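Here the structure comes first, spelled out in structure tokens, and everything after it is commentary.
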Amino acid sequence: MRAVAALRVTGLTVAICAVTTAQSLVEPGQIAATEDRFASAVRAARLRCSFSPIQASLGYDLEYQTGYRITFPLSQEVGTGHEVTVLLRVIPDGRAPVYLGKTEALPEVPVTKADGELTGNFLVGEGSYSLDALVHDDAKRVCTSKWRIQAKPSGGERELKPSAPPSSVREISSQQAMGAPAQGGSRIERLTILLHAAPARPQAAKVEQATATMFEHSLASILNQLPAWSVRLVVFNLNQQAVLFQKDDFTAADLPRVAEAMEQMELARVDVRTLQNRHKVDVLSDLIDKETRQAKPATAVILMAPRSAAHLDPSFQPDPQQMAVSRWFYLPYHPATSLMPQRFGGRGMASGDDGTGDMSPHGRQGPIPMAGPPLGAQPADAVEQFYKRIKGETLSVGTPHEFAEALRRISAELPAVKAAPAPVVSAPLSAEPKPPAVEPTEPPAGGELGVQENPVEVLMRLRDRVLEHARKVPNHICVETVERQRFEPVVGRLHKSCEALLDARSRSAPSLRRDSTDWLRLDVGLADNHEIFSWAGAAHFEERDLDEIVPEGAIGTGLFATLLLSVFENRNPHYQFAGEETVDGRRLFTYSFKVPQAESHYRVKTRQKDWIVTGYEGELLVNPRTAELVRINVRTDQLPDSTSSCEIDTVMEYGIVPLDGFDYLLPQSTRQRFIGREGDEAENRTGFASCREYRGESTLTFGGSADAKGGAARNRLGVALPAGQAAVIELTKAIAFQGSAAGDPIEGRLAGPLRDTQRDVTLAPQGAKVVGRLMRVETRATGQYSIALRWETVELDGMKVPLSLKPNRAIPDLRRSPQGTLQRRGVEIELPRAGEEHYAVYHLTGKDSRLEAGLRTEWVTIEP
Amino acid sequence: MGHHRTLIWVPALLGCAWAADRDPAQILSEATAKVAARSASLPHYTCVENVERNFYGPTRATLPRACSILMAQRPDPTFDLSLRLSTTDRLRLDVALVDNGEIYSWAGASHFRDNDSIDKLVRAGPIGTGVFAGLLDVVMLHDVQRFYVRQRQASAGGGWIEYSFRVPTAASHYRVKIGDQWVPVAYSGTVTVDSRTNDVVRLTIDSGELPKAAGLCQIKESVEFGAAEIAGQPFLLPSEVRQGFLNPNGGAVENAIHLTNCREYSAESSIHFGPEESTETTGSAAPLQAVLPEGLHFTLELVSPIDIDRAAAGDNFQARLVHPIHAKKPNLSIPAGAIVEGRLLRVETIHRRPLRVQLALSPRTVQMNGETVLLRGTRDWKTTMDRARINQPVPAILLPLPGENPSGVFEFVGQHVVVPKGFRSEWWSALVETGK
């Protein structure tokens, strides 16, 4: 949250860019000079301007915000180098004045009839205030105004604890003190807040800034108004089916991390596992279920969500007895016209004007349109119906006032206790709940010890578990889905050494813009201590390296198993215990490790397609109670010039994934960052799903990509597709961009017979089933959404015959002129990317677009 | 046994010193008969098997290569595949022959354990069995259908004949462990027989390229036999054994094995089978009475030095308790100074700078008022690290290798290290698992 005073241009002329300013308290040393400004204003030349006071209104932080809007003809400030200063004298009734001010340099102003506009906001406590405002420019011209405001609680607000002292004036700052509960006293024993961080507008790709601020302020108010001995916060998103942030012992100090999590969430970027499980909205039911099974259930669970975005699996049936242990509150947010409808909305009126300024009592803030009808007309959503079933309480929040009322009601219903509850080691979200455990204390020599938390024992148990898993995993394969993002430096490619790049990066995050995102789906298995790949669902694993299957872009192997195994299979590994840390409420042991190049099996491919081996180091984060691996970080040594990267960093969050009767130790989320040699970076996020053991009927084979039966069929039928024959293929199943990945199979049919025109025979009849694969699913920063596909087999008599096709790229109606030159000009030509000569590439209008069933495309047969 | 064998004589392969004074088939037949007789008497004998294993890595970093390439390059490797010694370790085991093959125990343990194969004792690194007797028996008495005369040398004192052979997988009892399974593999080799005594003097084995799943490219073995005297009787025993294992990463392991202290079972020393707990009376006739519970802290002080140049995994060590141990369940009070006996589970030299050695120590028993109390221990790293946090750099954690737990691993910088008498170490008692 930041105090803002914004200059913008109104009217038709928009040549001047808007400028953001900040309003702040006048330094004590400047107060005398400021007083002189006000005193001498009556003698100064007049600046034409118009004041619009913004009346004090309650926000979701339960503080009163007020301010002003000033418009002035820009014709007074034509040219460059001008500046405008706004000074405010705010006098609480019966108190000394407080001064606020800010000087703003104007951008170059052309000759114009447009007006400039300045706005400014600040906070006040409950009370009545007189305001004197003064604007002066660099020509010493002055414009002044006066008005009164009143900040007065109403209804249930009066029963809440004031967020600011009465008759106080404060600037809005990012370091604003959020309500920390008072020490001691009675508090709620345990409070859980579940926050669905979703945009107010369902079609928005990000949580709007105003919505994020609303949630951030709401959380601060809950901490302040519902003091609890223990607060657990889980921020999640239903569209992504992901937990964005969770923290036991949540405090106001953690609010910036919540804001950061919401800021970083992009709804267009969905976790890879979600892509494979698009239609199951089960995160919320999962969270509620886990909440009921906490070792020590919360006194109250508060669910906050934009009403338009809340969903719940209708089949979700939690144990009523467990649900009854906690009080359940649902706060659906549904501001009718604006996320801050009362903030600038005139709950008081300007009460004075000295005649030198043009007063207008309106306040204006661009409304954020909300989905759905206004409150009262909406039917109960699935979550609300669920809360009715469990006898929870739904407290609709359309305004800060309603939010305040909701907090008052919750506060009234919850018991408070004077003593802090016994500590509980909470279960991670991914794990089954565990009974409470009290931290063991170290016994004296000769005493008895619970050795399970000996750091060496823990590491050894983990090592044995990993090696045991390695023994089993070669019999299994998984589907690996990769989301790849490529970033470019905002300032363009850099020409620095890797030392300089990495050093600068270690001091501050580089400024990057996302250039492209694409998705891949592969099958992965383990054979002979290395990972093997094929496109998802292919009949055979490839003998080629992964970078030959996926030639474009950065991609790494080893995430399935070998990277972790290499850390433990070293004969003389050196680990160091780096102590304990708490991550997401879990106490973890941290171990560092380093594998020198001479003992490493970590391979990186060079630009010349050779392999080099690099040393690496990293950390293991392990749950000391269960010896389960929670996270592994791996950083390569600085890579040699022959590679395109300076360093590769990998973070893998691990968990046991029970699938098909087998507990897989798999990364639940993996982030692999390639730090390019020119400041460019790429980040791959990888997930694993559909893990399965080889069955009797499924064998691990290597070889060509075509169905072996197809070759036999071709021989039997004598079908050898000659090159140069036209084929029209019609999609039989639509391809949605959203949720697709390179590697996904596609289906079509021949729209007409495939004929050998030279021999005048039909090779494949109209309607024959054609199967292919997506080869690229990519979005670029330019707003381009692209799908590349190829066709692989045609079905003849129930058998798949390999099909080699390329798109027909002939430009229609390209007749030659009488002079022999081509007649048509201005035809846009898109060359296929290298390696994509045999793929058809489609550009879509957005991520929600699709290639519809029935789409026909022209192809030409080629030599296999 | 219905075993038919053919001798193929290939004159083109014979050495120039060929003298047809004796029939190679006859020599082979008599050598085979001697092997059979020796095999019949071997169950009455046991030996100590001393193994030194040298682990080599390729000079440059490891990139997987096709085994066929590695095997072809092995005699004349390119620079990146030339080998660099990385680690050496030593093992000392007792070996004996029973009906279904060789069995092993740590040296000095009075009992062999039921159904133990060597890989249950030696969990890390490759090791081959059959050195004592099995390999020669398998080649001479079971697997080989056809021998070929490959070389022959005659001299005034006698001479020798080298026979070659090749065994297909279907006829092979030469097995490699792949995962949990012992899988027979094809192999070839040579047998050299003294043409005067009809004794086998040398046996070589080459597995050829192994299946990928074996995790090894190739195994080569050579066994030199010599006459030994046990209990006044001459006896043919391996005098020098070398085993070579080629890894798919270009690395290799070379094992050198010597048999010592071969002895005949006497009335008071016979082979027993059973759980190891009953073997923990090394050096003591006291009966077992109690088990020290886990979770008790104790400090050990070596009562005799450990010379790394001589020590081997399997050796016993002795230490004394620095402080008394008091346990409630069972109620035990072990005084300071009580003697603790244990076993070295690993003695390893790491040939990287700084040169250093690692020892894995496993306490096994402690004497309490004339009674033997079973004891297991893991090194107390917590105390070590807590101390380090205050005034030392954080020490690297040395994990026991798989199969070594419970034990404590210690590292000493230097090559010819002698861990001195009086060396103290901190421990926590660990669970004593019955039958382990």
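Key figures
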read-out: Matching residues, the stretch A:611-643, being part of a strand (DSSP E or B) and of a type in the set (Asp, Glu); value: A:GLU617, A:GLU619, A:GLU628
read-out: Residue within the stretch B:205-223 that is surrounded by fewer than 15 Cβ atoms within 10 Å (Cβ to Cβ) and part of a strand (DSSP E or B) present; value: no
read-out: Wholly within the stretch A:674-769, strands (runs of 3 or more DSSP E) carrying at least 3 residues that are at pLDDT 90 or above and not assigned by TED's automatic domain parsing to the domain that holds A:GLU542; value: A:726-731, A:745-750
read-out: Residues within the stretch A:466-486 that are closer than 28 Å to A:ASP744 by Cα and open to solvent by 30 Å² or more (accessible area, probe 1.4 Å), tallied; value: 4
read-out: For A:ARG95: the one exception among (1) closer than 18 Å to A:PRO165 by Cα; (2) buried (at least 21 other Cβ atoms within 10 Å of the Cβ); value: (2)
read-out: Failed item in (1) within 43 Å of the chain's Cα centre (by Cα); (2) surrounded by fewer than 19 Cβ atoms within 10 Å (Cβ to Cβ); (3) farther than 28 Å from A:LEU223 by Cβ, with A:SER154 passing the rest; value: (3)
read-out: Residue that is nearest to A:ILE648 (Cα to Cα) [pool: residues in the stretch A:595-622 that are modelled with pLDDT of 90 or more and more than 14 Å from chain B (Cβ to nearest Cβ)]; value: A:GLY618
read-out: Filtered residue count, the stretch A:80-92, keeping only those that are of a type outside the set (Lys, Arg) and open to solvent by 20 Å² or more (accessible area, probe 1.4 Å); value: 5
read-out: Leading residue by the ranking (most open to solvent (accessible area, probe 1.4 Å)) among those in the stretch B:57-76 that are of a type outside the set (Ser, Thr, Tyr) and at pLDDT below 80; value: B:ARG60
read-out: Residue ID - farthest from the other protein chains (Cβ to nearest Cβ), chosen from residues in the stretch B:181-200 that are more than 22 Å from the chain's Cα centre (by Cα) and aliphatic (A, V, I, L, M); value: B:VAL193
read-out: Per-region count, the stretch B:416-432, residues away from chain A (no Cβ under 13 Å) and exposed (fewer than 15 other Cβ atoms within 10 Å of the Cβ); value: 4
read-out: One residue from A:LEU462, A:LEU494 being in a loop (DSSP other than H, G, I, E, B) and surrounded by 15 or more Cβ atoms within 10 Å (Cβ to Cβ); value: A:LEU494
read-out: Cβ pairs under 7 Å, 6+ apart, first in the stretch A:592-605 and over 14 Å from A:LEU565 (Cβ atoms), second part of a helix (DSSP H, G or I); value: A:LYS605/A:ASP547
read-out: Residue check for A:ARG2: modelled with pLDDT under 90, outside the structural domain of A:TRP147 (by TED's automatic domain parsing) and either open to solvent by 30 Å² or more (accessible area, probe 1.4 Å) or within 19 Å of A:SER168 (Cβ to Cβ) (or both); value: yes
read-out: Failed criterion for B:HIS173 (all others in (1) open to solvent by less than 50 Å² (accessible area, probe 1.4 Å); (2) outside any strand (DSSP E or B); (3) not small (Gly, Ala, Ser) hold); value: (1)
read-out: Contacts under 6 angstrom Cβ, first residue in the stretch A:179-207 being open to solvent by 20 Å² or more (accessible area, probe 1.4 Å), partner assigned to a loop (DSSP other than H, G, I, E, B) and modelled with pLDDT of 75 or more, 6 or more apart; value: A:PRO181/A:PRO227; A:ARG187/A:PRO227; A:GLU189/A:THR299; A:ARG190/A:ALA298; A:ARG190/A:THR299
read-out: Any chance A:GLN76 is under 24 Å from A:GLU126 (Cα atoms) and touching a residue at least 12 places away in the same chain (Cβ under 8 Å); value: no
read-out: B:PRO293 vs. criteria under 25 Å from the mean Cα position of the chain (by Cα), modelled with pLDDT of 90 or more, under 29 Å from B:ILE325 (Cβ atoms) and open to solvent by 20 Å² or more (accessible area, probe 1.4 Å); value: no
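The values are calculated or read from the model by the stated rules, or taken from the named source; none is laboratory data. Remember, it's a predicted structure, so these values are computed and weren't measured experimentally. With ideal geometry, Cβ positions are generated from the backbone for all residues, glycine too; neighbour counts draw on all protein chains shown. Just the protein is used for accessible areas: all its heavy atoms, side chains included, with ligands, DNA and RNA removed. Shrake-Rupley method; radii C 1.70, N 1.55, O 1.52, S 1.80 Å.
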